[in-house]
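Scroll down for the structure; my scribbles are underneath it.
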Amino acid sequence: MTVQMDGTLYTITYFQHVKPGKGGAFVRTKLKNVLTGAVLEKTFRAGEKVSEVRLEHRAVQYSYTDGQLYYFMDQQTFEMIPLAESVLGADQLKYLKENMECEGLVHGDHVIAVELPYFVELEIVQTDPGLRGDTAQGGTKPAKLETGAVVQVPLFLNEGDRVRVDRREDKYIERANR
């Protein structure tokens, strides 16, 4: 759920309803600023009003970066949307690849944030060679992906293999089909 407080948009990432023995109930929340990604903890008393904001989701495609801004093309209007690194977040940028289909969050007529897919398919560009018989214990080794991200992968994977990764947890999921 997205709410607007003091002219700023926040997404509720965590909430807990508390009913103490004395006094009125309240809700303890963690709010994430949609534009900057900053997290704020706030407590709301019972009956306190907040205005809910509906964000539309729209398909956008990553085009390029000029070193400071990242440019996405809106798939409906075909206009270019420049976004700063602070809006995207460093955790997403390490998986961002040219022509990647993403989801834009639209407020009014403007795309204010972009969310990458949870699972991305990337090629391994650098890793140690797997040795025969190393898979008995199910060990892992670090592998550098084409976007620069490093994840732990099973020993049988080699350079040139494509893998599916959960970008939220920086975790290898499976080998991808070619």
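Things worth noting here:
- When residues of region 1-48 are limited to those that are of a type in the set (D, E, K, R) and closer than 22 Å to GLY108 by Cα, the one nearest to the chain's Cα centre (by Cα): LYS32
- Looking across region 72-117, the residues that are closer than 23 Å to GLY148 by Cα, surrounded by fewer than 14 Cβ atoms within 10 Å (Cβ to Cβ) and out of contact with any Asp or Glu (no Cβ under 9 Å at 6 or more places or on another chain) come down to ALA84, SER86, ALA90, GLU98, ASN99, GLU101.
- Unmet criterion (only one of (1) surrounded by 13 or more Cβ atoms within 10 Å (Cβ to Cβ); (2) at pLDDT 85 or above; (3) small (Gly, Ala, Ser); (4) out of contact with any Asp or Glu (no Cβ under 8 Å at 6 or more places or on another chain)) for GLY24: (1)
Yes/no matrix, rows are residues, columns are (1) under 20 Å from the mean Cα position of the chain (by Cα); (2) within 30 Å of ALA25 (Cβ to Cβ); (3) at pLDDT below 90; (4) not β-branched (Val, Ile, Thr):
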{"site": "VAL53", "(1), (2), (3), (4)": "no, yes, yes, no"}
{"site": "THR77", "(1), (2), (3), (4)": "no, no, yes, no"}
{"site": "ILE81", "(1), (2), (3), (4)": "yes, no, yes, no"}
{"site": "GLY89", "(1), (2), (3), (4)": "yes, no, yes, yes"}
{"site": "LEU93", "(1), (2), (3), (4)": "yes, no, yes, yes"}
{"site": "ASN99", "(1), (2), (3), (4)": "yes, no, no, yes"}
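The values are calculated or read from the model by the stated rules, or taken from the named source; none is laboratory data. The model shown is predicted, which means the values in this text are computed figures rather than measured ones. Cβ sites come from the backbone with ideal geometry, for glycine too, and all protein chains shown count toward neighbours.
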